[in-house]
Amino acid sequence: MAYTQVSNDVRVTGRRVVATIIDGIIFGIVSSILNAIFGTKSTGSGFSYTRLSTGGSLVLLVVVVLYYVLMEGMLGRTVGKMATGIRVVREDGTTPPGVGPALIRTLLRIIDGLFAYLVGFIIVLSSDRRRRLGDMAAKTQVVRA
């Protein structure tokens with residue numbers, strides 16, 4: 001995938017929201033599969049339900065981190081970003097960010113993702129280049145593909 005053409009169109013906030021929803025649906029499917037494998041039966045108040053065990057939760061966390069770090073770091077795009085026509089690039093706009101910056105972006109999702117990504121959404125709307133905290137720390141931006 002060539003990144004020779006620089007796109008400065010960072011006004012992709014709506015696309016970012018939809019991409020996050022798509023990626024969340026993917027994680028929901030993965031969680032359901034892991035629940036079938038690692039789930040434990042619980043009962044309470046007369047109801048029986050299955051919940052993801054501690055080991056299954058750890059596997060899900062590793063899958064989510066690897067998904068973002070590898071997909072965004074090496075390709076510049078997750079499945080959600082591919083579907084919405086956006087990508088993550090370095091500040092110069094010419095290459096995928098690499099694994100290091102993608103790891104920084106991913107770890108800061110803990111803060112950006114507070115209150116169902118409301119914190120990240122407010123930061124994106126308030127910043128001049130529409131970047132969330134993870135983008136600022138990793139020196140990346142999200143642009144049209």
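Name the shape class, rounded, prolate or oblate, that the alpha-carbon gyration tensor gives for segment 96-136, where a ≥ b ≥ c are the square roots of its eigenvalues, rounded holds for a/c under 1.5, and otherwise prolate holds if a/b is larger than b/c and oblate otherwise. The shape class here is oblate. The ranking of R90, R132, R77 from fewest to most other beta carbons within 10 Å of each one's beta carbon is R90, R77, R132. Each of R129, R105 was scored by other Cβ atoms within 10 Å of its Cβ. Listed from fewest to most, they are R129, R105. Only Cα pairs under 8 Å and 6+ residues apart enter the sum, and on that basis the relative contact order of segment 1-129 stands at 27 percent.
Backbone N atoms of segment 64-84 closer than 20 Å to the 7 Å Cα→Cβ label point of T94 belong to residues 73-77. Remark: spin-label model distance I33-F47 equals 2.7 nm, labels positioned 7 Å along the Cα→Cβ axis.
In plain terms, the bigger the Kirkwood radius, the slower the diffusion; for the chain, with that radius from Cα pairs, at 20 °C and 1.002 mPa s, Stokes-Einstein puts D at 133 µm²/s. Highest mean packing first, where packing is the average number of other Cβ atoms within 10 Å per residue, the peptides 11-21, 110-120 line up as 11-21, 110-120.
Values in this text are rule-based calculations from the coordinates and carry no lab data. Fair warning: this is a prediction, and the values are worked out from it, not measured in the lab. Note that each Cβ is placed from the backbone with ideal geometry, even for glycine, and that neighbours are counted across all protein chains shown.
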